[in-house]
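Okay, so here's the structure we're looking at.
The values are calculated or read from the model by the stated rules, or taken from the named source; none is laboratory data. These numbers were taken from a predicted model, which means no experiment stands behind them. Every residue, glycine as well, gets a Cβ built from its backbone with ideal geometry; the counts of neighbours run over all protein chains shown. When the accessible area is computed, the model is the full protein with side chains, heavy atoms only, and any ligands, DNA or RNA have been set aside. Shrake-Rupley method; radii C 1.70, N 1.55, O 1.52, S 1.80 Å.
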Amino acid sequence: MNGVHDMGGMDGFGKVEPEANEPTFHERWEGRVMAMVRAMGANGGVNIDSQRFARESLPPEVYLASSYYQKWFLAIENQLVEHKMVGADEVEAGHSLHTSPPLLRGPFTLDDVKRCATRGSFAREPQSPAAFKPGDKVRARNINPVTHTRLPRYVRGHVGTVERINGCHVFPDSNAHGKGDHPQWLYTVVFDAHELWGDDADPTLKVSIDAFEPYLERL
Amino acid sequence: MAHDHDHHHHHDHDHSELSETQLRVRALETILTEKGYVDPKALDAIVEMYETKIGPRNGAAVVAKAWTDPAFKQALLADATKAINALGHFARTGDHLIAVENTPQRHNMVVCTLCSCYPWEMLGLPPVWYKAAPYRSRAVKDPRGVLADFGVTLAKDTEIRVWDSTAETRFLVLPMRPAGTEGWSEDKLAELVTRDSMIGTGLPKAPAELKR
């Protein structure tokens with residue numbers, strides 16, 4: 001979706017402000033949100049792509065005004081209600097009021113924590129040979145789905161070069177919407193800044209994205 | 001929206017006045033616990049893991065090793081996940097980690113313009129600025145401007161390569177080893193490796209900075 005989350009190349013957000021000796025969490029609730037999202041993700045209540053879509057789907061004014069973990073919280077609460085794992089009446093009451101469907105991999109317990117420390121693999125068996133190879137010129141397609149995609153707006157319609165093949169991976173555009181892994185080849189595609197930003201671009205700059213095969217067309 | 005949250009100041013909160021966000025988060029945890037979805041002790045353990053175990057020291061150890069062991073560096077650049085897991089130093093690193101090497105000709109910088117993708121196992125949880133609009137919007141268009149915000153200036157003719165983490169690949173910058181560190185141990189070298197130098201928004205410390 002063409003949301004405010006797709007920020008690459010936007011102006012006006014001001015300076016980057018690093019915080020010296022930044023703590024892991026600024027408030028206790030942030031850690032609880034992070035842990036709940038990790039736990040529900042690890043045991044199959046939500047997936048990484050559906051959670052990203054839920055965050056992107058927050059109203060733009062909410063997205064921009066909320067802190068990072070506020071977005072995480074609002075997104076997981078919305079999604080659990082949407083998936084009928086938590087009722088709106090339960091959110092209101094602050095307690096469980098009825099039975100809910102079990103998690104795919106059961107309750108998240110202490111035994112699951114270690115597994116949670118390592119990202120799962122997103123590699124999948126290829127369904128067909130890779131269409132592109134390093135050195136190929138490709139154009140990022142001009143697609144504008146209202147659903148989840150990982151092709152940022154700032155590269156759409158622009159020409160780049162395939163630099164590396166990263167294997168065949170879960171396709172977020174499908175997985176975010178409960179439509180399965182639909183594995184796709186994943187490429188690092190590099191663009192000259194001039195191609196992206198025109199004559200004012202930094203002449204020393206190259207930018208790459210990791211693009212799934214359906215995002216690309218051969219020149 | 002609750003307005004209790006402030007990125008840049010860490011203040012003591014009066015716990016008798018819980019913010020709306022705190023109350024809602026607590027309520028959701030209660031609901032998930034009552035439903036048997038999560039054990040709160042397991043949530044405690046996740047928080048503790050990121051507060052105490054998983055952080056930029058992991059990445060720094062990898063960088064220091066690459067600085068002293070050419071065979072490891074070669075393996076790291078070929079397949080970072082495989083090379084790091086073969087060390088057995090820390091918890092397994094997830095798949096699809098890519099190490100990118102800074103050279104006198106080329107400086108690498110990592111961003112996630114769409115959300116906040118970051119190599120957690122190597123660097124811990126990302127800092128607020130990495131996840132915020134100013135960095136995500138500008139890194140792909142004006143990286144020298146961003147570097148200036150960090151007090152970093154590169155030579156005018158240095159190529160800058162920005163890696164936008166748009167998929168489940170993750171990137172770790174391998175910064176250049178500072179001059180004047182000949183013969184240093186891996187442990188001592190690791191002290192020079194800052195988190196930002198592994199994102200590409202900073203450079204490693206100089207030996208003189210360590211003594212201070």
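Annotation: of all residues in region A:1-25 being touching a residue at least 12 places away in the same chain (Cβ under 8 Å) and facing another protein chain (nearest Cβ under 7 Å), the one that is farthest from B:Gly124 (Cα to Cα) is A:Gly9. Summed over region A:45-84, the residues that are among the aliphatic types (A, V, I, L, M), open to solvent by less than 50 Å² (accessible area, probe 1.4 Å) and at pLDDT 95 or above give a count of 8. All conditions but one from (1) closer than 30 Å to B:Ile84 by Cα; (2) touching a helix residue (DSSP H, G or I) at 6+ places or on another chain (Cβ under 9 Å); (3) at pLDDT below 95; (4) surrounded by 13 or more Cβ atoms within 10 Å (Cβ to Cβ) apply to A:Ala123; the one that does not is (2). For A:Gly135, are the conditions met, namely being open to solvent by 30 Å² or more (accessible area, probe 1.4 Å) and at positive phi? Taking the combined requirement at face value, the residue satisfies it. Restricting to region A:190-202, count the residues that are more than 9 Å from every other protein chain (Cβ to nearest Cβ) and in contact with a His (Cβ under 8 Å, 6 or more places away or on another chain). The number of residues fulfilling the criteria is 2. Residues in region A:59-76 that are at the interface with chain B (Cβ under 7 Å from one of its Cβ atoms) and either within 19 Å of A:Val37 (Cα to Cα) or basic (Lys, Arg) (or both): 5 in all.
Within region A:27-44, count every residue that is open to solvent by 10 Å² or more (accessible area, probe 1.4 Å), within 10 Å of chain B (Cβ to nearest Cβ) and in a loop (DSSP other than H, G, I, E, B). Residues meeting the conditions: 1. Restricting the first member to region A:194-216 and to residues that are touching a residue at least 24 places away in the same chain (Cβ under 8 Å) and under 14 Å from A:Val138 (Cβ atoms), and the second to residues that are acidic (Asp, Glu) and crowded, with 20+ Cβ neighbours inside 10 Å, the beta-carbon pairs closer than 8 Å and six or more apart or on different chains are A:Ser208/B:Asp164; A:Ile209/B:Asp164; A:Asp210/B:Asp164; A:Phe212/A:Asp173; A:Pro214/A:Asp173. The conditions of being at pLDDT 95 or above, of a type outside the set (Gly, Ala, Ser) and not assigned by TED's automatic domain parsing to the domain that holds B:Cys117 are met by B:Pro40. Selection of region B:60-103 for residues being surrounded by fewer than 17 Cβ atoms within 10 Å (Cβ to Cβ) and in contact with a Lys or Arg (Cβ under 9 Å, 6 or more places away or on another chain) yields B:Thr68, B:Leu87, B:His89, B:Ala91, B:Glu101.
If you go through region A:94-111 and pick out every residue that is under 21 Å from B:Arg24 (Cα atoms) and aliphatic (A, V, I, L, M), you end up with 1. Inside region B:170-196, residues that are open to solvent by less than 40 Å² (accessible area, probe 1.4 Å) and within 26 Å of B:Tyr130 (Cβ to Cβ) make up a count of 13. Of all residues in region B:124-137, count the ones that are open to solvent by 20 Å² or more (accessible area, probe 1.4 Å) and more than 7 Å from chain A (Cβ to nearest Cβ). Result for region B:124-137: 1.
Consider region A:31-67 and keep the residues that are β-branched (Val, Ile, Thr) and out of contact with any Leu (no Cβ under 9 Å at 6 or more places or on another chain). The one that is farthest from B:Val25 (Cα to Cα) is A:Ile48.
With respect to A:Thr118, determine if the residue is in contact with a helix residue (DSSP H, G or I) (Cβ under 9 Å, 6 or more places away or on another chain), over 19 Å from A:Ser50 (Cα atoms) and outside any strand (DSSP E or B). Here the answer is yes, as A:Thr118 does meet what is asked. Of all the residues in region B:104-123, those that are farther than 18 Å from A:Leu64 by Cα, facing another protein chain (nearest Cβ under 7 Å) and open to solvent by less than 10 Å² (accessible area, probe 1.4 Å) number 0. Tell me, please, whether a residue that is open to solvent by 60 Å² or more (accessible area, probe 1.4 Å) and either at pLDDT 95 or above or part of a helix (DSSP H, G or I) (or both) can be found in region B:162-169. No, every residue in region B:162-169 fails to be open to solvent by 60 Å² or more (accessible area, probe 1.4 Å) and either at pLDDT 95 or above or part of a helix (DSSP H, G or I) (or both). Total residues in region B:15-53 satisfying the condition of being facing chain A (nearest Cβ under 7 Å) and outside any helix (DSSP H, G or I): the figure is 5.
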